[in-house]
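Take a look at the structure set out below.
Values quoted throughout were computed directly from the atomic coordinates according to the rules given, and no laboratory measurement underlies them. Owing to the predicted nature of the structure, the values given are computational and were not obtained by experimental measurement. Cβ sites come from the backbone with ideal geometry, for glycine too, and all protein chains shown count toward neighbours.
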Amino acid sequence: MSKTAIFYGSSTGNTEAAAKEMAGQLNADIFDVAGKPTDKLAEFDNLILGTSTWGIGDLQDDWDEFITELDEANLEGKVVALFGFGDSESYGDSFVDAIGTLYKTIREKGCRIVGACDTEGYVYVESTAEVDGKFVGLPLDEENQDHLTDSRIEAWLAKIQPEFI
């Protein structure tokens, strides 16, 4: 059994495509949170959680329904990484805020959060996903910086993989 799993919610397919790309590179299992895979959270040591940000900082719909499950899950001792999509041009004042929402949900749950990213190269006004001058996960912007998505994913996976148990 793989020790790494990716849990994602996707409305337009961007987050799903990124999750599948990551799963292929990591040989990880993959779960759409729309299917409510609550029991699967306990089966893996390493979790990657992916979401897109909708409207003005809202969680993707499936995550909005699954966030309670995540909040109630035992994440003690797990390694968790976060990624997500946002639109820095149209929603620069809430860029990838959904990553920030996931982070706030898990930060006190006894897991080790890895995969923080520099803010350099991103153009935005504000983000709840920025903590102490870094993004708490990997921000992706398919609307304005799609040419950087693959290279950002590749570099991020190379950074987080050694952190996994």
inquiry  = I'd like to verify a number: residues in the stretch 123-165 that are surrounded by 15 or more Cβ atoms within 10 Å (Cβ to Cβ) and among the acidic types (Asp, Glu), how many?
reply    = 3
inquiry  = If I filter the stretch 32-48 for residues that are touching a residue at least 40 places away in the same chain (Cβ under 8 Å) and of a type in the set (Asp, Glu), do I get at least one hit?
reply    = yes
key: Residues satisfying the stated conditions in the stretch 121-156, i.e. in contact with a Gly (Cβ under 9 Å, 6 or more places away or on another chain), outside any loop (DSSP other than H, G, I, E, B) and more than 21 Å from Thr101 (Cα to Cα)   = Leu148, Arg152
key: Elements of type strands (runs of 3 or more DSSP E) contained in the stretch 12-117, each with 1 or more residues being surrounded by fewer than 19 Cβ atoms within 10 Å (Cβ to Cβ)   = 29-32, 112-114
